[in-house]
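What follows is a set of notes on a single structure, which appears directly below.
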Amino acid sequence: MAARTHIAETKGKIDESVEIFGWVNGRRDHGKIIFIDLRDRSGLVQIVFTPSDKELYNTANSLRSEWVVHIKGKVAKRPENMINNEIETGKVEIQPEALTVLAQAETPPFALDTDGYEIGEENRMKYRYLDLRRERLKNNLIRRHNVVRFFRDYLSERGFIEIETPLLTKSTPEGARDYVVPSRLYPGKFYALPQSPQQYKQLLMVAGFEKYFQIARALRDEDTRGDRQPEHTQLDIEMSFTNPEEVMSLIEGMVASMMKEIYPDKKMTVPWPKISYREAMEKYGTDKPDLRKDKNDPNEIAFAWIVEFPSFELDASTKEIQPVHHMFVQPRSDSISLIDSEPLKMVSTQYDWVCNGYELASGSIRIIDPELQMKVFRLLGMSEEKAKRDFGHILEAFSYGVPPHGGIAPGIDRLLMILQSEPNIREVIAFPKTGDARDPMMSSPSELDKKQLKELHLEIKK
């Protein structure tokens with residue numbers, strides 16, 4: 001078999017013989033001439049079948065949408081009046097010499113040549129592998145790949161090390177509910193899936209890696225909404241011997257460079273404004289303000305930093321004190337003394353990255369003083385015994401020489417949702433869950449059979 005030619009490459013191979021593979025995107029019969037549009041990941045090209053080769057013509061006559069075929073033929077210029085400037089290969093067509101059907105296809109349950117917004121979510125998620133054939137979704141995932149690759153290269157060139165952290169970890173009280181995994185080997189005990197790699201990345205700073213990043217999966221058993229999923233992806237970053245200005249400058253430089261290369265049509269103000277939490281709440285009524293001048297312009301991107309957050313707040317329903325970000329955030333040095341008397345007046349080192357009314361990331365400098373960390377635990381109603389049981393590993397690690405450190409974890413899904421002008425993050429994730437956290441394609445979540453439950457030492461109570 002000759003080397004495969006990707007369809008987009010045919011525009012530069014006039015008068016050459018090629019072998020192309022792909023899906024039948026559409027078929028048109030014009031008298032005795034059959035036109036087939038063939039699609040692969042790179043693009044679309046027209047194939048012209050005439051009755052001169054009867055066997056080839058009859059095979060082409062049987063083709064239907066989404067059949068997978070292999071075609072050998074010669075690339076030819078299209079007649080001037082047949083040029084299609086809408087597609088990259090619009091000045092050429094393929095004159096076929098051989099056609100092989102590799103796989104037939106059922107009629108898809110919905111149209112694949114539209115943007116897909118008109119189709120119900122349940123159907124789209126059930127047949128997601130078909131939904132992903134849409135040009136819009138294909139482009140979303142390719143852009144996602146390009147953005148993530150840019151971030152990887154940018155950080156690697158600046159001395160960051162990409163390190164994977166465990167997905168099976170310990171359940172600790174960090175905010176959202178954990179997804180838990182029963183242990184077969186240790187009856188009655190459970191792993192937890194990570195809400196974030198927060199503790200692991202801090203332990204990597206103790207280990208001396210100084211600059212860490214990871215394209216990390218984060219899993220939280222919480223109510224879903226348009227910009228939230230049970231599992232999401234974040235660019236997890238941690239640095240030693242740093243400060244908020246350095247972290248914010250890193251993100252700002254990285255994102256500005258990425259936008260220039262991948263989204264040159266987007267309008268973005270640099271440098272990004274820094275707004276205090278108090279000013280944001282008083283002026284905009286939210287800590288994630290939409291600062292666009294024209295909210296109807298999809299190319300306007302208004303990044304900003306929200307700073308000077310309070311360390312703690314009262315839960316609206318329980319009236320119990322809770323951290324605004326998380327329990328490992330270092331208070332600003334001039335407010336540490338307030339922890340024993342007026343903790344609600346403490347100011348933290350938290351910095352939030354916001355864009356167009358969404359929060360893209362929360363970051364902070366971390367507490368490294370075990371005594372201060374224990375005071376925070378007690379303030380949040382945690383006994384010393386429970387704190388040591390849940391977080392003893394990190395408190396002990398800090399006793400072996402811990403550098404000052406801090407970081408941030410931008411959400412990849414939300415960022416791509418905004419940059420691709422999509423209404424929710426499901427449009428930029430390959431296999432998302434529905435709005436109510438189900439996967440109709442895999443019929444998940446699903447029940448376990450009795451044998452599995454027995455092996456896991458579990459019993460379901462009806």
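The values are calculated or read from the model by the stated rules, or taken from the named source; none is laboratory data. Fair warning: this is a prediction, and the values are worked out from it, not measured in the lab. Cβ sites come from the backbone with ideal geometry, for glycine too, and all protein chains shown count toward neighbours. SASA here: full protein model, heavy atoms, side chains in, ligands and nucleic acids out. Shrake-Rupley method; radii C 1.70, N 1.55, O 1.52, S 1.80 Å.
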- Message: Could you work out how much longer the chain between Glu164 and His145 gets when fully extended? Use 0.36 nm per residue separation minus the Cα distance between them, nm to one decimal.
- Response: 5.0 nm
- Item | Mean shadow area of region 119-158 over all directions, Cα convex hull, nm² | 3.3
- Message: Whole angstrom only: what separates the Cα centroid of region 259-280 from the Cα centroid of region 332-367?
- Response: 21
- region 119-238 - accessible surface per residue (Å², probe 1.4 Å): 49
- Message: Per-residue counts of other Cβ atoms within 10 Å, averaged by peptide: what ranking do you get for 357-365, 86-94, highest first?
- Response: 357-365, 86-94
- Message: Which order do the peptides 286-297, 319-330 come out in when sorted by mean C-beta neighbours inside 10 angstrom, highest first?
- Response: 319-330, 286-297
- Give the residue from Gly90, Leu102, Leu137 lying farthest towards the positive end of the charge dipole for region 82-153; charges sit on Cβ (+1 for Lys and Arg, -1 for Asp and Glu) and the dipole is referred to the Cα centre. Leu137
- With all protein chains present, how much of the accessible area of region 331-462 (probe radius 1.4 Å) comes from carbon and sulfur, to the nearest whole percent? 52
- Show me 244-251, 196-203 ranked by packing, highest mean number of other Cβ atoms within 10 Å first. 196-203, 244-251
- Volume per residue of the C-alpha convex hull in region 93-160, rounded to whole Å³: 196
- Radius of gyration, Dmax [region 142-192; alpha carbons; angstrom]: 17.2, 46
- Item | Model label zone, Ile14; criterion: amide N under 19 Å from point 7 Å along Cα-to-beta-carbon; scope region 36-51 | 44-48
- Query: Rounded, prolate or oblate: which one fits region 37-100, using the alpha carbon gyration tensor with axes a ≥ b ≥ c (rounded when a/c is under 1.5, else prolate when a/b beats b/c, else oblate)?
  - Reply: oblate
- CD proxy, 222 nm, the chain: helix-only mean residue ellipticity via -39,500 (n - 2.57) per DSSP H run with n ≥ 4, per residue, nearest 500, stands at -7500 deg cm²/dmol
- Query: Projected onto the charge dipole of the chain (+1 at Lys/Arg Cβ, -1 at Asp/Glu Cβ, origin at the Cα centre), which of Phe151, Pro404, Val255 gives the Cα projection farthest towards the positive end?
  - Reply: Phe151
- Message: Given Cβ point charges of +1 (Lys, Arg) and -1 (Asp, Glu) and nothing else, what value in debye, to the nearest 20, does the dipole of the chain about its Cα centre take?
- Response: 1000
- Task: Take the Cα atoms of region 289-342, build their convex hull, and give its volume per residue in Å³.
- Result: 140
- Message: Per 0.36 nm of contour for each residue apart, how much would the distance between Tyr117 and Lys266 grow if the chain were fully extended, relative to their Cα-Cα spacing?
- Response: 51.3 nm
- Message: To check my understanding: the extent here is largest minus smallest coordinate of the Cα atoms along each principal axis. What are those three numbers for region 183-295, in Å, largest first?
- Response: 58, 37, 33
- Message: Suppose the Debye formula is applied to equal point scatterers at every Cα of the chain; what is log10 I(q)/I(0) at q = 0.09 Å⁻¹?
- Response: -0.76
- Task: Ratio to report: Rg/Rh of region 82-124, with Cα atoms as the point set and Rh obtained by the Kirkwood method; give two decimals.
- Result: 1.12
- Task: Whenever you get a sec, compute what percent of the accessible area on region 71-195 sits on carbon and sulfur atoms (1.4 Å probe).
- Result: 50
- Message: Let's test the formula: R0 of 30 Å, r as the Cβ-Cβ distance of Arg389 and Asp290. What FRET efficiency results, to the nearest 0.05?
- Response: 0.10
- Task: Give the residue from Pro440, Ser362, Leu419 lying farthest towards the positive end of the charge dipole for region 303-455; charges sit on Cβ (+1 for Lys and Arg, -1 for Asp and Glu) and the dipole is referred to the Cα centre.
- Result: Pro440
- Alpha-carbon Rg with Dmax, taken over region 399-462, Å: 20.1, 51
- Counting every Cα pair in region 347-442, what percent are over 20 Å apart? 60
- Taking only C-alpha pairs under 8 Å that are 6+ residues apart, what is the relative contact order of region 352-462 in percent? 22
